[in-house]
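What follows draws every value from the coordinates through simple rules; no lab data is involved. Every value quoted in this text rests on a predicted model; they were computed, and no experiment measured them. Glycine gets a Cβ as well: all are built from the backbone with ideal geometry, and neighbour counts include every protein chain shown.
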Amino acid sequence: MATDHSRSTARLMVSPAVLLLLGWMIVPLVMTLYFSTLRYNLLSPGTESFVGFENYVYFLTDPAFFAAIANTLLLVGGVLFITVLGGILLALLLDKPIFGQGIVRILVIAPFFVMPTVSALVWKNMFMNPVNGLFAYAARAIGVQPFDFLAEAPLFSIIIIVAWQWLPFATLILLTAIQSLDGEQLEAAEMDGAPAFKRFWHIILPHLSRAITVVILIQTIFLLSIFAEILVTTNGGPGYASTNLTYLVYAQSLLQFDVGGGSAGGIVAVVLANIVAIFLMRLVGKNLDL
Amino acid sequence: MGSITLKNVAKRFDEVEVIPPLDLQINDGEFVVFVGPSGCGKSTLLRLIAGLEDVSGGTISLDGKDVTALPPSKRGLAMVFQSYALYPHMTVRKNIAFPLKMAGLEQSEIDKKVDGAARVLNLGDYIERRPGQLSGGQRQRVAIGRAIVREPSAFLFDEPLSNLDAALRGTMRLEIAELHQTLATTMIYVTHDQVEAMTMADRIVVLNRGVIEQVGSPLELYREPKSLFVAGFIGSPTMNMVTGSEAEKFGANTVGVRPEHLKLSTEGGQWNGTVGVSEHLGSDTFLHIDVEGVGLMTARADGEFPAHHGDRIGLTPDPERLHRFDGAGAAMR
Amino acid sequence: MARSVTLGTRLGWTALAWAIGLAIFFPILWTILTSFKTEAAAIGPPQLFAFEWTTENYTEVQSRSPYFLHFMNSVIIALGSTLIALAIAIPAAWAMAFSPTKRTRGLLLWMLSTKMLPPVGVLIPIYLLFRNTGLLDTRIGLVIVLTLVNLPIIVWMLFTYFREIPGEILEAARMDGANLKAEIIHVLTPMALPGIASTLLLNVILAWNEAFWTLNLTAAKAAPLTAFIASYSSPEGLFYAKLSAASTMAIAPVLILGWFSQKQLVRGLTFGAVK
């Protein structure tokens, strides 16, 4: 193989992808960094001035920022909790001998393929709406006052919506991992006298640990940037109750037109994501048997 | 027609010299086997001859013509890979026809040759199937068929039987040997299995860490191994090696004697010991004996020999079949 | 396991699995059903099947809004960005899979890491850049962005597929007398085609559902379905049934494609860490 393709041909073939991604990474990011040092508002163009770290100080001491960070962590944590736990249980269930396994799989996988704006609006209106939603009808049927999900528990509601969308992903990954477990290990454990729960705890769960880690890390990367669901349901409200870091930066940039402040926020988001990414890359790198 | 000459051929991967410079002459029509333990360089050597790897030094000539700089397609050789390397998206027919298509032959010519190869190898029944639908042995034959149609000056086999089960291996060994008799073309065959080497080869090249330990006919290697390595590699079960004072009695650093050259007796012998594990195959009996002053030795007896675990037994080596080796591992004559 | 499970146990698990599966699928089912109700029925007491079925919502959605335009926007953006990305990625993945160097591993990891960049980090410059170059609210603009956003995954997936092509088969082709061109045309491409198709499939789905850039960089003209549906977040009058119809049409293509792409999902989004 090495005797054929010359080094320069190979380099030529890789260069468009490398150059484009390099440009995509560096140019906008540098610009964001630059903007973050300016006082720059789109509503008053031409009055930009260099302010150093002022935007960062302002952003990081803004109560909205603390709310956003807390909400981001809650969102990610909440979705992870539901999807990982639910994913494990569902994966175990789907691994059992059941009739029509193929169809059940389709039913369970489907939510992942629904676009975020559709799923958010369907949940918001047809399920969570306190007047016409299904939950409201169910509550009234048992004589309970309907709960206004999005007004009273906005973050929780969004967690439900996002978890519904990502549960299939976790389930699919964990199911793949379970099915790669050598059945003989479980048989050996059974012969050694281990009951079902012990077999799960000592054999299946450790085997799944790699897959669970992958699910957690990859979902975290995506969950940090939840956006559409917040936009079409609560717009981050009431107040900042359901604003995460992504939405905060968006609001500041494109709603308040505060380019300087928004850019600072963007950089903060990048730093946060990098920390997670470092862990993920180490895990993936270990597996890249090159 | 198919003589191959290697002069000073060496191979380096980065800074590691996998094959120090060696010379080798393969004559037209010979069945030569490269044999040795894993990592000895036998496959690398084959690939150098094929042109799939470049030499780091030396020259390779086919029929006197220097082919060192030629790509594989221009060397006129055919290779059968360990995994058969059949094209999964083509039928058997198209697989075999591929090299002819690359050579630019007319379709009618191609069909004639493919049918010819199919006949020789009994591929007729599944010539329209895809490799995925064939068994291991069938795929093996298709791979050979693809090599045959090229009418190469030499065939190169890279451990072709390793992926088959034992029974199939035996059958295919015979088929390849018969093929050699029919075609009378040079064949270079790489294997780690010394039984395959002994049964199929005109000459065997024993390799150890890139170095040719010995070249000779199977019986030459069996009777007169030039080194400890060759002595221990050829022959199954392995030759018994005796060191220490017992070896010094024969004036050597190490003395080797094959299990089949030890005479067994319940009345004692030159060496005596207790039987550990005994293996009774009916056709042969193998005894693993803990011999006093020597250590563990294996002995073979013809037919059924009534010795079992715990029995006392005496062994006497056939003096004509004793091999003596000096401190450097070379045979002393 | 060679031991047979009792029919009772099997039915038990089956019932549980189906119950949970249907519960998870229910929102989608409900949406589809609601799309066939009148608006009055949609907000009235919930009915599973016993309502007056009508297709008026489908016709209304298409007559009251440029639904078809948005649908085509989704198609063009999803397909366009994926095809362009493939054109860039195939040579790159090829070179990395068949002529790997010591740097290949680092390069691949770096490419994957660009996917982890939070979009808000570059929202402002991209937005301003697009505004100043007139790319805002254009399909081209979005195609460019989505090409770059999905490029890492496409390169990665193609790389894994190409690496699975046994090197020995390419060597056999070489020994059979094939030059580079013949090797590519007759052996490499046919064997790589399934992998390329799988990559295309998954990434069309991901691009179709992308809901950050499509929401922020488009307005009335180039908005794909993601953004168009978002306009139902502040609607006028009764709209549940229309929302359902619009949603059903928007998700149907990808739901169907998604069914075929489960394996690709695992491969593409876990970056090989799970087999």
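Counting only whole DSSP H helices of chain A, the ones at least 30 Å long by C-alpha along their axis and with mean Kyte-Doolittle hydropathy no lower than 1.6 are A:63-95, A:154-179. Once both labels are positioned 7 Å from their Cα atoms along Cα-to-Cβ, the gap between B:T199 and C:K263 label points is 3.8 nm. Can you work out the FRET efficiency for the pair C:L83 and A:R7, with r the C-beta to C-beta distance and R0 = 30 Å, to the nearest 0.05? With R0 = 30 Å, the Cβ-Cβ based efficiency is 0.55.
Partners of B:K65 within straight-line reach, counting lysines whose Cα lies under 28 Å from its Cα and excluding those fewer than 8 residues away in the same chain: B:K7, B:K11, B:K42, B:K74, B:K101, B:K113, C:K181.
Ellipticity at 222 nm from helices only: DSSP H runs of n ≥ 4 in chain C, each -39500 (n - 2.57), divided by the residue count, give -23000 deg cm²/dmol. Of the peptides A:143-155, C:109-121, the ranking by mean beta-carbon count within 10 Å, highest at the top, reads C:109-121, A:143-155. Principal-axis analysis of the Cα atoms of chain C puts helix C:139-163 at an angle of about 50° to the longest axis.
Relative to the longest principal axis of the Cα atoms of chain C, helix C:120-133 runs at roughly 90 degrees. Only helices enter the 222 nm calculation for chain B: every DSSP H run of n ≥ 4 contributes -39,500 (n - 2.57), and dividing by all residues gives -8000 deg cm²/dmol, rounded to 500.
Size check on the protein assembly as shown: the Cα extents along the three principal axes, sorted descending, read 108, 64, 62 Å.
Taking a point 7 Å from the Cα of A:V27 along the Cα-to-Cβ direction, the residues of the stretch C:88-124 with backbone N closer than 16 Å to it are C:122-124. Modelled this way, with points 7 Å down the Cα-to-C-beta line, the labels at B:D115 and A:A64 are 8.3 nm from one another. Mean-square fluctuations from a GNM of chain C, with a 10 angstrom spring cutoff on Cα atoms, peak among C:A178, C:A245, C:A230 at C:A178.
Among B:319-332, B:286-299, the peptide with the highest mean count of other Cβ atoms within 10 Å heads the list, and the full ranking is B:286-299, B:319-332. Using alpha-carbon pairs under 8 Å, 6+ residues apart, how would you state the relative contact order of chain A in percent? Relative CO of chain A lands at 28 percent. Please report the relative contact order for the stretch A:108-194, taking Cα pairs under 8 Å with a sequence separation of at least 6, and give it as a percent rounded to a whole number. Reported as a whole number, the value is 30 percent.
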